[in-house]
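This report refers to the structure that appears directly beneath it.
The values are calculated or read from the model by the stated rules, or taken from the named source; none is laboratory data. Fair warning: this is a prediction, and the values are worked out from it, not measured in the lab. Every residue, glycine among them, receives a Cβ derived from its backbone with ideal geometry; neighbour counts consider all protein chains shown. For the accessible areas, the whole protein counts, side chains as well, though only heavy atoms, and no ligand, DNA or RNA atoms are used. Shrake-Rupley method; radii C 1.70, N 1.55, O 1.52, S 1.80 Å.
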Amino acid sequence: IADWQLRPRLLAIAGVANVITIGGEYKQYQVLVSPQKLRHHGISLGQVLHATEQANVNASGGFMQQHSQEYIIRGFGRTERIADLEKAVVAMNNGTPVLLADVAEIKIGAADKIGDGSLRGDPAVIMTVMKQPSTNTLDLTARIDTNMAELQQRLPPDVRIGTRIFRQADFIDASISNIEKTLLEGSLFVVIVLFLFLMNWRATVISLLAIPLSLVVALFTLQWMGYSINTMSLGGMAIAIGALVDDAIIDVENVLKRLRANVLLPRDERRPVLQVIFDASVEIRTSIINATLIIVVAFLPLFFLSGMEGRLLYPLGVAFVVSLFASLIVSITVTPVLCSLMLTGEKQLSEQARGSWLVRKLNALYRTALERVMRARKAALGIAMGLMAVAVALFAGLGRSFLPEFNEGSLVISAVSLPGISLAESNIIGTRIEKALLEVPGVITTTRRTGRAERDEHAQGVNSSEIDVPFDLQGRDREAFMADVRDKLSGITEANITIGQPIGHRIDHMLSGTRANIAIKLFGPDLPTLFQLSNTIKENIADIPGLVDLNVEQQIEIPQIQIRPRRDIMVHYGLTMGDLMKFIDVAFAGESVGEVYEGVRNFDLIVRFDPANRGSIEKIRNALIEMPNGDRIPLSEVADIVSASGPSTINRENVQRKTVVSVNVAGRDQKSAVADIQERLAKDIEFPEGYRVELGGQFEAEAEASRTLLLTSAISL
């Protein structure tokens, strides 16, 4: 259902790039060969491969013309019926045909699983939908929901589609909702402040109109520039709310003051209202333009950031600057016109000629304070310079982190157990983790992907699992929730567990190559030594405050069945290395020789030995291999089959072997945590010759971004 009903429907939706399915069983048509029957009939494995391949083919015979018609000639040899495949002729033995059914069992079975999925600890098929670049996530999510709802109605009643596991759209909706709330609250406070200081509802309305007008102009400008509305661009507008009304307030306040002063003059000395408004606007125009340009210059450093931080903050800076310029245009065009229409009432101007009560009180307090400061000029300057010095000292001692931690509403739990364990054992461990997570208040559900899906480009072993955990805090403290999650998972010792979030997880992966904030990379020639040193590092830094989820990359050796050719014996029999390796591949792994079509669906047709002749080291040793002269001998005659061990994976960076100790940081800044780690490594651990350590992660990007910001900020200043 997932592969042949849901996946095609999803791929047909504009904006979907790929759909990866994991879980359940992958259907195959299997030809399970018995080497004993091959010997009995004098048939080789190669003949079975050829016969199976030829038993399921179509052919084109071109076309012919007859009776004024063109006829396409087609040979239909393909079949999906097992009975038809069983009748395929493998060879003739003394005039008697040897059929495929005589030497093999043909059946429908499941491919060997390299991955699995679960929902809330129960088996499930998990589908991951990748979107194309520049596709609107909200629109695409809505289209997917519509299509899945239609498909659900056509499915059997016991099959359910759940689409609310993890959705980027939920994070976007939450972010936009938060910013919309900020915009509304900011506008409300602007109204209150304006009214308290101007005590004139008309002046308040004129000033307030600058906000929506500026935002409208900014939106048209952003669309013209090719930008979209997203969390960061809306954030830029939210930051700009206070600044948007600045220019209009200055203009309106000065116009109101000059109009009030003009009303207090004798009638014969009063100037025309429009002239007063024009002069009042021109009087402060230079100040408005200068102030706007200074604020814009202060934001210019954002545009020099590169990498992840540049991509994140660039839309914010553009939205802020565009909004600010829009407010400047509104203040020097629309605001004076509105003043001429709404602030020319002589009676109202006369009544409010002295300004609001609040402004009069504040002016009186300011005059008193200013007189005292002016009498103690040196003390005032000294205090200001002292505060400046304290601020610089505090800035130098502040903690540093690359980005603020997002609240994405979902966790990504990475669980890596010992390499070499079976998928069944990995499923047991993963299910225990899911059950533990479901006990945490606030966890909505869990979905687990263990190992690798058939079409997945993200390769990982069956010992590795990723668990998506959407949650709802419901007013609960986030730190307490995270502490509860870590406490529940602390009892599971069979796997190294790292806790992250979907977006943060991917940022970490891009910056450090691991799923954690900090990657301690150890380089050297010998894998066992690297693994030993990595564990020493982990033990040494474990008590540093703020470090959580300490994990050592599992670079241990895994069990292997090694088939080592005995070349001198192979020479005696005339067996080539290629023939031996081909036999090992086909007999034990299986080889696809074609596809069986069931309507529009297609499934692999594979040939391999039956279970009685594979699955244990003894069966492999006794497996019969055909020699060039037709004899069949046990595989152990031409190769040593031994139980040994070998490396699970060998990771390299810059052509050097490496292992990684991954660390997350909680409750403190990353820069100071990195400094503590570096101090411990330098003081307590002595690395052998040829071994070295490097630290990578978000702190590297933070350091580079900080240098860029400090330099560009100095230039802006």
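Before moving on, here are some points about what is shown:
- Test: residue in the range 109-129 that is more than 26 Å from His458 (Cα to Cα) and touching a residue at least 24 places away in the same chain (Cβ under 8 Å): no
- Taking the range 455-503 as the range and being part of a loop (DSSP other than H, G, I, E, B), open to solvent by less than 60 Å² (accessible area, probe 1.4 Å) and out of contact with any helix residue (DSSP H, G or I) (no Cβ under 8 Å at 6 or more places or on another chain) as the test, the residues that pass are Asp456, Gln460, Gly461, Gln501.
- Scanning the range 662-676 for residues that are within 16 Å of Ile499 (Cβ to Cβ) and either free of Cβ contacts under 8 Å to residues at least 12 places away in the same chain or in a strand (DSSP E or B) (or both) returns Ser662, Val663, Asn664, Val665.
- Of the residues making up the range 385-432, those that are part of a strand (DSSP E or B) and either among the small types (Gly, Ala, Ser) or out of contact with any Asp or Glu (no Cβ under 9 Å at 6 or more places or on another chain) (or both) number 4.
- Yes/no for Gln54 being of a type in the set (S, T, N, Q) and open to solvent by 80 Å² or more (accessible area, probe 1.4 Å): yes
- Residues located in the range 121-169, provided they are touching a Ser or Thr at 6+ places or on another chain (Cβ under 8 Å), crowded, with 16+ Cβ neighbours inside 10 Å and in a helix (DSSP H, G or I): Ile144, Met148, Gln168, Ala169
- Candidate set: the range 451-475, residues that are at pLDDT below 85 and more than 24 Å from Thr163 (Cα to Cα); chosen: the one farthest from the chain's Cα centre (by Cα): Gly475
- Residue that is part of a helix (DSSP H, G or I) and either touching a residue at least 12 places away in the same chain (Cβ under 8 Å) or on the phi > 0 side of the Ramachandran plot (or both), where the choices are Gln30, Gln36: Gln36
Residue-wise test of (1) more than 46 Å from the chain's Cα centre (by Cα); (2) surrounded by 10 or more Cβ atoms within 10 Å (Cβ to Cβ).
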position	(1), (2)
Asn363	yes, yes
Arg377	yes, no
Ala380	yes, yes
Ile383	yes, yes
Arg400	no, yes
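- Counting the residues of the range 677-717 that are part of a loop (DSSP other than H, G, I, E, B), open to solvent by 30 Å² or more (accessible area, probe 1.4 Å) and within 28 Å of Asn535 (Cβ to Cβ) gives 6.
- Looking only at residues in the range 573-629 that are part of a strand (DSSP E or B) and in contact with a Pro (Cβ under 8 Å, 6 or more places away or on another chain), the one that is most open to solvent (accessible area, probe 1.4 Å) is Leu624.
- Residue count for the range 545-572, restricted to those that are surrounded by 15 or more Cβ atoms within 10 Å (Cβ to Cβ) and at pLDDT below 90: 13
- The set of residues from the range 433-454 being touching a residue at least 60 places away in the same chain (Cβ under 8 Å) and either open to solvent by 20 Å² or more (accessible area, probe 1.4 Å) or not in a loop (DSSP other than H, G, I, E, B) (or both) comprises Ile433, Glu434, Lys435, Leu438, Thr447, Arg448, Arg449, Thr450, Gly451, Arg452, Glu454.
- Within the range 244-269, tally of residues that are open to solvent by 20 Å² or more (accessible area, probe 1.4 Å) and within 13 Å of Leu328 (Cα to Cα): 3
- Filtering the range 382-428 to residues that are of a type in the set (Asp, Glu) and either touching a Pro at 6+ places or on another chain (Cβ under 8 Å) or without any contact (Cβ under 8 Å) to a residue 60 or more places away in the chain (or both) leaves Glu408, Glu425.
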